[in-house]
Every structure is written in C-alpha cells, then in structure tokens.
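The values are calculated or read from the model by the stated rules, or taken from the named source; none is laboratory data. What you see is a predicted model; the values in this text were computed from it and never measured. Backbone-built Cβ (ideal geometry, glycine too); neighbour counts: all protein chains shown. Calculation scope for accessible area: heavy atoms of the full protein, side chains included, ligands and nucleic acids excluded. Shrake-Rupley method; radii C 1.70, N 1.55, O 1.52, S 1.80 Å.
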Amino acid sequence: MTVIGLDDTDSREGGMCTTYLATLVAEAIEERGGTVFDRLLVRLNPAVQYKTRGNAALALHTDVDVDTAAELARDALTPLAVTDDPRTSPGVVVAPGDPEDVPTRVADFARDALRAHHTIDDAVALADDVDYHHEGWKEGRGRIGALAAVGAHAAFDDWTYEQISYREFDRCGTPRDVDHDSVFAAADAGYPAVWDTVDRVEGQSVCVPHAPGPILYGIRGDDPAAVRDVAARIDSEPVDRTALFRTNQGTDAHLQAATDDLTDGAAYRLDGDVVSEPETREGGHVFVRLELLERDGRPLPCVAFEPTKHFRDRVRALRVGDRLTVCGELSDGTLKLEKFAVRSLVTTERVTPDCPDCGRSMKSAGRDQGYRCRDCGTRAPGKVPAPLTRALETGWYEVPPCARRHVAKPLVRGGFDAPTHPER
C-alpha cells in the first residue's frame, strides 16, 4: 500500500481545485494498472492564514509503489497548479505502507493540523524523519496539508462522504448551468441522510459553488449510496467526471475543550452563563458576552455575524442568566458562533407589582421606598417575579446551511447531548 497526500494546488481566482487534481491522479493510477482503494478529502484548520479556499487536503490510498505514485502526482500537478497565485504553494507527500499503520506522530500531526497551526519546517522535518517522499513547488507549503492527509485515516474516527460532479474543464470561469428546482427536489429526496445540499429558508443551492473552479456541485451526507443518488437526480450542464470522497466534513473534529489559555485561530466548545443583553452592531452582527464556567476572568465576547442570517435571532433571544454551551472559532478574542446549546433558560423576570385591590400597575413610591397604588394606597416592598415567555427552548441551535463551515457538524447528523433544532 501507498498513501499519496496532496495540498495547496487550488486558487481563489485561478480556478484550479485540489479535489480535481486528486481525481486526475487517481485516473492516472488506474490507467497505469494500479488500484485506488480510497479517496480522502480532509478539511484542515479553517483559521489558517494561508488557506486557499476551504483548506482541504487530499489523500489517495493505492497499491502502486512510491516512485510511481510520486511520478504520477508530479505529472498531474505540474501543468495544472496555479502557482502564480500568491496563496498557492503546492506540496506532495508519498508514504509507503498501510494508512492504518502510519506513525503516531503523523496521526498527531493530522489532528493538530485541524486544531492548531504547523509550519513548513514542521512538516518537512517530520516527513524526513519517517522517511516519506515529499516535494514542494514554490515554498512547498502544501506539504503541511499533504502530510496531514497521509495521517488522517489514523487520526479521525468520524467520517462522512461527498460525491463531487465536475464540469467540462473548458467551462471553468463561466456561469454554472444547474437547475435550481431539481437541486431542491433531490435534496428533499435525500434528507436527512444527505444534508447541506440547499438552504430552504434562504432559497440557496448550497451544493453549487461560486468559485471559478471545475466543481459543478458537491453532495454531502452520511451514506455513499445516498449522496450518489442525490447527485444523479440533479439536472445540469454536462458532467465531465465524478468522484466519491470520504471526508471529515460535518464532524466537528476541529472543536476542542477549554484550556487555561484560549488561543486565537483555534475552535472550542465552551460552557458559560450569559452576562450581557445581546447587542446588534453596525453591519447586523449580534454580540453577547459569556462568563465561562471553565475559567475565571473577563467575560468572553461571542458573535453571530450577518451571514448567519436568522441564526442571529436565536442569539438575540438570549437573556442574562441563560446557561449555554457554545461552539466556534476564537478570533481577536471573540468566539465566532457556529452553534450553541441552551442548557437552562431564565423563566421569570422581576416586574412592577399590580395592586391586589384594583389590579392597576403600582407606581414607584420614591427611591428605595418600594411601590404604591395611587388610587388605593396599597404598598409593595419591590418588584415581584412573573413568568417570562421565551422564544427559545432548551437544546442545540445552529447556523443555517448557507453559513456552515465545511467541518462543522450539522445537527441533523445526531449524536448530540440535548434536543436539536436543525436548520434545513
């Protein structure tokens, strides 16, 4: 067995895509008489500064030898990588042996590539130490993701699938011709095994990208047959080729528990109490502060940005005293909310008392003198508790599909520790 890792060949503007390159390498292997047993699409830390688009690396598990694998990867990559893009810096890593038997250090490197940051020197030193073949174009930054992709099979235990349909390559850069109605009908047929195909509230075909690359649409879900079936139901321009990838998308593998020092660029799952009323700021972003249970110190600001659409209404419905679990990436000391769970809700509020005789609302009798009914003369020492109607229930809430990060786990997948309120 041999594992080929590929990364950083795509471009925000140039139209190339690493999944497409991996598909071409897989076809070259099969033309050479080899077999590709598995194709992995591995999402890495979405906060990395030098990511191209979705920060995905690819791995192919095959039976060709290391030299043949390196040759075929090099031959496919060299003419297609958009190396004039300043963010694109391709890399290839080829590892002999079974993907389950990679050294522990390589699996740890893969996990850390999703939750922290690596340098090129980190990747090169480790690849050299375990005697893996590696090559880089320009700075060769893609060797970081390529090495992580090699270790991904051993690093992660929750996997989903994506069926990617590619357009004819000479159409790249032109508007995609995908029938919107057929996408929604296919999404309905595949749900809930297939998810994040569309956003029904926003009316968007989420599976159709906007970047100028070769992907026509990508269908994600928990079952290979189900994603294939949904993809086959979509009416569109000609599909040039397809590929099925096993992936860590939709798994929350990027989230980590609280540590003594929360670090910008990492993603966390944290528990805390709301200590400020939600505030909508310029641009429509909604902020709220949380006092964390795991540590002392100043409250943690959390934000639901405008692109999260009606998820912001969930945040606006919070009140001081609600207890939450929040998930998201820390950036500039603020947690960018991806989902949250309401653990407990404040269900009463202190209100001005009503007069027990006439039923009218009492008025203040003066500072620190309680309340008094001006008609009856009845007095009350202070405000009284009253039931509070809430727009939220206990359980998990999430951003809509149009705003979901690739690696964030949709609530419809299940396995959460409280009731869920999935977005479709």
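General observations
- So VAL315, is it surrounded by 15 or more Cβ atoms within 10 Å (Cβ to Cβ), in a helix (DSSP H, G or I) and of a type in the set (Val, Ile, Thr): yes
- Qualifying residue in region 18-39 (condition: of a type in the set (Gly, Ala, Ser), at pLDDT below 90 and either touching a strand residue (DSSP E or B) at 6+ places or on another chain (Cβ under 7 Å) or closer than 18 Å to SER165 by Cα (or both)): no
- Among the residues listed as LEU77, LEU58, the single one being closer than 21 Å to ASP38 by Cα, open to solvent by less than 30 Å² (accessible area, probe 1.4 Å) and touching a Lys or Arg at 6+ places or on another chain (Cβ under 9 Å): LEU58
- Qualifying residue in region 262-270 (condition: in contact with a strand residue (DSSP E or B) (Cβ under 8 Å, 6 or more places away or on another chain), part of a strand (DSSP E or B), open to solvent by 70 Å² or more (accessible area, probe 1.4 Å) and of a type outside the set (Val, Ile, Thr)): yes
- THR88 part of a loop (DSSP other than H, G, I, E, B) and either in contact (Cβ under 8 Å) with a residue 24 or more places away in the chain or crowded, with 17+ Cβ neighbours inside 10 Å (or both): yes
- Residues of region 383-414 that turn out to be open to solvent by 30 Å² or more (accessible area, probe 1.4 Å) and more than 17 Å from the chain's Cα centre (by Cα), as a count: 9
- The set of residues from region 274-290 being open to solvent by 30 Å² or more (accessible area, probe 1.4 Å), touching an Asp or Glu at 6+ places or on another chain (Cβ under 6 Å) and within 17 Å of CYS327 (Cβ to Cβ) comprises just one member, PHE287.
- Among the residues listed as ARG105, ARG74, the single one being within 27 Å of ALA267 (Cβ to Cβ) and among the charged types (D, E, K, R): ARG105
- So ASP354, is it free of Cβ contacts under 8 Å to residues at least 24 places away in the same chain and surrounded by fewer than 17 Cβ atoms within 10 Å (Cβ to Cβ): no
- Residues of region 103-131 classified as open to solvent by less than 40 Å² (accessible area, probe 1.4 Å), closer than 21 Å to ASN45 by Cα and in contact with a helix residue (DSSP H, G or I) (Cβ under 7 Å, 6 or more places away or on another chain), total: 9
- Screening ALA186 on (1) assigned by the TED database to the domain that holds THR18; (2) surrounded by 24 or more Cβ atoms within 10 Å (Cβ to Cβ) shows it passes everything except condition (1).
- Meets criteria (at pLDDT 95 or above, assigned to a helix (DSSP H, G or I) and small (Gly, Ala, Ser)) for ALA95: no
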